[in-house]
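Here the structure is laid out as C-alpha cells; the discussion comes afterwards.
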Amino acid sequence: MSIQLHDTLQGKKVPFEPMTEGEVTMYLCGPTVYNYAHIGNARPAVVFDLLARVLRRRYKLTFARNITDVDDKIIAASQESGEPIGDITARYSKVYNDDMGALGVLPPDIEPHATQHIDVMIAMIQKLIDEGHAYEAEGHVLFDVASHAKYGELSKRDLREMIAGSRVEVAPYKKAAQDFVLWKPSTQDIPGWDSPWGRGRPGWHIECSAMAEKHLGDTIDIHAGGQDLVFPHHENECAQSSCAHGGAPFARYWLHNGFLSIDETKMSKSLGNVLLVHELIETIPGEVIRLALLSAHYRQPLDWSAETIASARRMLDRLYGAIRGIDVSAEARAAAEVPDGLIAALEDDINTPKAMAEFFSLARALNKSNDPAEMEAMAAQMYAAGELVGLLGSDPEAWFAGDADGDMPSDEIEALIAQRNEARAARDFQAADAIRDQLASAGVTIEDGAGGTTWRRNG
Ligand code: AMP
Ligand code: ZN
C-alpha cells in the first residue's frame, strides 16, 4: 500500500506516488533568521522531519529546507540594533539548527541560503518577464496575476472576488492590487544586488521558487509548510514556478500543518505569550517537547499548555520505564523491526496519535512479558520505533536520573502542580502557596509562564 498524504491542492488524502520511481524530493519553507524560533515555528520542523524519516524508509529522499537570510524584517532588525545583517543571520541560523536539533530534528539534505541564489532568482524573474507573466515598473518587477489562469487554485480563492474585495491602497506602479513583488529597489544603505532592473533585492516568494528549482528541479514531489503559508506565499510560489516552467506543476503534493496556540490563545508578541524553543529547552527535555508537538495530528490545531507538556512527559516516562533495566544486545538491535502497526499509522498521513497508541501497546506487551528473550526482542523493537520517530534517544537510567533515590518522583511533582493549578483556579491561594512550599522543600522550583507551569529540580 502506498503512503497516504493529505494534499491541500486536491483537498483530500490521496495515495503518494513519487514522480521518479524510488526517489522523492521535498521542500520545506525554512526560517527567516533574525530572531529565535517560537514553539509554533517548531511544529512544521518537527512534523516534516518525521515525514522525512518515514519517507526515507522507502525512498531515496532529497529534502531541502531553506534559510531566508534577506528580508525586510532582517533589515529592520539590523537597523534597530546596528549589528551587521550577516552577523544576525549567521547567529540565528545556527541557533535555529541547534534548537531544532535539541528537538530531534535531523539536518535536511540541503539547506540553501537565499543570498547565495540571487543569480537564480534574477534568471527566473527575467524568464517570467520574457514569457509575459511579469512586468517592470519603477525599479520593481511584479508578477502579473491576471496572466495566470490558475492563480488562486491552491488557496481556493477566486481572483475576481479578491480584486472586488480588495480595499488595500494599491501602489501606483501596480497593474492590479494582487500583483506581487518579485524584485524591489534597494537604497544604498540596505542590501542590494545589481540586476537588469537596477540595484535591488528579491521578494520573499521568489526566493523559495528559485531555491527549489536549483536544488530539486522544475517539479518537486512534496512542498510543506504551516497553514498560514498557503496564501499568499505558496499560491505565489506556485504561480511563479509553474509560469517559469512552461506550465509544469510546481509541487505534486502540498502539505500544511495546523496552528499551535498557547492556553487556547493565539501566540502573539502583543499578548506577551510567545514561547521560544531556545528557552523551553532549558527546563524541558527536547524529547518531551518533540512528543508534545507530535501529540495531535499535524493538520489539527494543537494547544500548548502545562498539561500538554506534563502528558508528554508521562508518556515518555512510560516508554522509558518499559525498557529500563533490559539489556539489548547489538544483534537484537540489528534484528529488530519497527512494528507494522506503527509504520502503517505514520504512513497514513502521519497519524501520530495512532502511532503513539501502537508504541504504547508494544510497551504494555513488554511490561507483561517475563520471558527474557522475548523481553529483549521487544525492547529492541521499542528502540527501533524510537529511532524512527526521534524518541528514546537517552539511556533509560539517565532519563530517570532526576528521580534519584530520595527525590520526589516526577509524577508526584506533576500531581502536586495539577492540584496547585486547581487550587489557584478556585482562588484558594493559601493552598496553592502551601503546595509551592512543599515542592520547594523537596528541592523543586516551579515557574508559572505563559504556557503554564514548568518545574525543575534545584542543583
Ligand atoms: P515564519 O517565520 O512566520 O515564516 O514561520 C515559520 C514556519 O512556522 C512557517 O511554516 C509557519 O507556517 C510556521 N508557524 C508560524 N507560527 C505557527 C504556529 N503558531 N503554529 C504552527 N506553525 C506556525
Ligand atoms: Zn517558501
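The values are calculated or read from the model by the stated rules, or taken from the named source; none is laboratory data. Keep in mind that what you see is a predicted model, and the values were worked out from it rather than measured. Positions of Cβ are backbone-derived with ideal geometry, glycine not excepted, and every protein chain shown enters the neighbour counts. For the accessible areas, the whole protein counts, side chains as well, though only heavy atoms, and no ligand, DNA or RNA atoms are used. Shrake-Rupley method; radii C 1.70, N 1.55, O 1.52, S 1.80 Å.
If the Cβ limit is 7 Å and pairs must be 6+ apart or interchain, which residue in segment 215-240 that is farther than 24 Å from GLN178 by Cβ pairs with which residue that is buried (at least 24 other Cβ atoms within 10 Å of the Cβ) and of a type in the set (Gly, Ala, Ser)?
The qualifying pairs are ILE220/ALA212; ILE220/ALA251; ILE222/ALA251.
So ARG456 passes all but one of these: (1) touching a residue at least 24 places away in the same chain (Cβ under 8 Å); (2) at positive phi. Which condition number does it fail?
(2)
Could you say whether any residue in segment 277-298 is part of a strand (DSSP E or B), touching a residue at least 24 places away in the same chain (Cβ under 8 Å), under 17 Å from the mean Cα position of the chain (by Cα) and away from ligand 2 (no atom under 16 Å from the Cβ)?
For segment 277-298, residues part of a strand (DSSP E or B), touching a residue at least 24 places away in the same chain (Cβ under 8 Å), under 17 Å from the mean Cα position of the chain (by Cα) and away from ligand 2 (no atom under 16 Å from the Cβ): absent.
Can you pull out every residue in segment 301-312 that is assigned to a helix (DSSP H, G or I) and surrounded by 22 or more Cβ atoms within 10 Å (Cβ to Cβ)?
THR308, ILE309, ALA310, ALA312
For every residue, the table says whether it meets (1) away from ligand 1 (no atom under 13 Å from the Cβ); (2) crowded, with 23+ Cβ neighbours inside 10 Å; (3) closer than 19 Å to ALA45 by Cα; (4) outside the structural domain of CYS208 (by TED's automatic domain parsing).
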{"site": "ASN236", "(1), (2), (3), (4)": "yes, yes, no, no"}
{"site": "SER241", "(1), (2), (3), (4)": "yes, yes, no, no"}
{"site": "HIS245", "(1), (2), (3), (4)": "yes, no, no, no"}
{"site": "PRO249", "(1), (2), (3), (4)": "yes, no, no, no"}
{"site": "ARG252", "(1), (2), (3), (4)": "yes, no, no, no"}
{"site": "MET267", "(1), (2), (3), (4)": "no, no, yes, yes"}
{"site": "ASN273", "(1), (2), (3), (4)": "no, no, no, yes"}
{"site": "LEU276", "(1), (2), (3), (4)": "no, no, yes, yes"}
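Would segment 178-191 turn up any residue that is part of a loop (DSSP other than H, G, I, E, B), more than 16 Å from ligand 2 (Cβ to nearest atom), in contact with an Asp or Glu (Cβ under 8 Å, 6 or more places away or on another chain) and open to solvent by less than 70 Å² (accessible area, probe 1.4 Å)?
For segment 178-191, residues part of a loop (DSSP other than H, G, I, E, B), more than 16 Å from ligand 2 (Cβ to nearest atom), in contact with an Asp or Glu (Cβ under 8 Å, 6 or more places away or on another chain) and open to solvent by less than 70 Å² (accessible area, probe 1.4 Å): present.
Might you check whether a residue that is at positive phi, surrounded by 14 or more Cβ atoms within 10 Å (Cβ to Cβ) and outside any helix (DSSP H, G or I) occurs anywhere in segment 146-154?
yes
Tally time: how many residues in segment 386-440 are over 18 Å from PRO285 (Cβ atoms), out of contact with any strand residue (DSSP E or B) (no Cβ under 8 Å at 6 or more places or on another chain) and in contact (Cβ under 8 Å) with a residue 24 or more places away in the chain?
Looking only at that region, the number is 2.
Search segment 406-459 for residues being of a type in the set (Ser, Thr, Tyr) and farther than 30 Å from LEU271 by Cα, and hand back the single one that is nearest to the chain's Cα centre (by Cα).
Here the answer is SER410.
How many residues, within segment 192-230, are under 21 Å from HIS140 (Cβ atoms), open to solvent by 50 Å² or more (accessible area, probe 1.4 Å) and within 13 Å of ligand 2 (Cβ to nearest atom)?
1
Just one of SER242, SER261 is polar (S, T, N, Q) and within 16 Å of ligand 2 (Cβ to nearest atom); which is it?
Just a single option satisfies the conditions, and that option is SER242.
For (1) outside the structural domain of ILE446 (by TED's automatic domain parsing); (2) surrounded by fewer than 20 Cβ atoms within 10 Å (Cβ to Cβ); (3) part of a helix (DSSP H, G or I), each residue gets a yes or a no:
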{"residue": "GLY325", "(1), (2), (3)": "yes, yes, no"}
{"residue": "GLU337", "(1), (2), (3)": "yes, yes, no"}
{"residue": "LEU362", "(1), (2), (3)": "yes, no, yes"}
{"residue": "ASN370", "(1), (2), (3)": "yes, yes, no"}
{"residue": "MET375", "(1), (2), (3)": "yes, no, yes"}
{"residue": "MET378", "(1), (2), (3)": "yes, no, yes"}
{"residue": "MET382", "(1), (2), (3)": "yes, no, yes"}
{"residue": "ILE413", "(1), (2), (3)": "no, no, yes"}
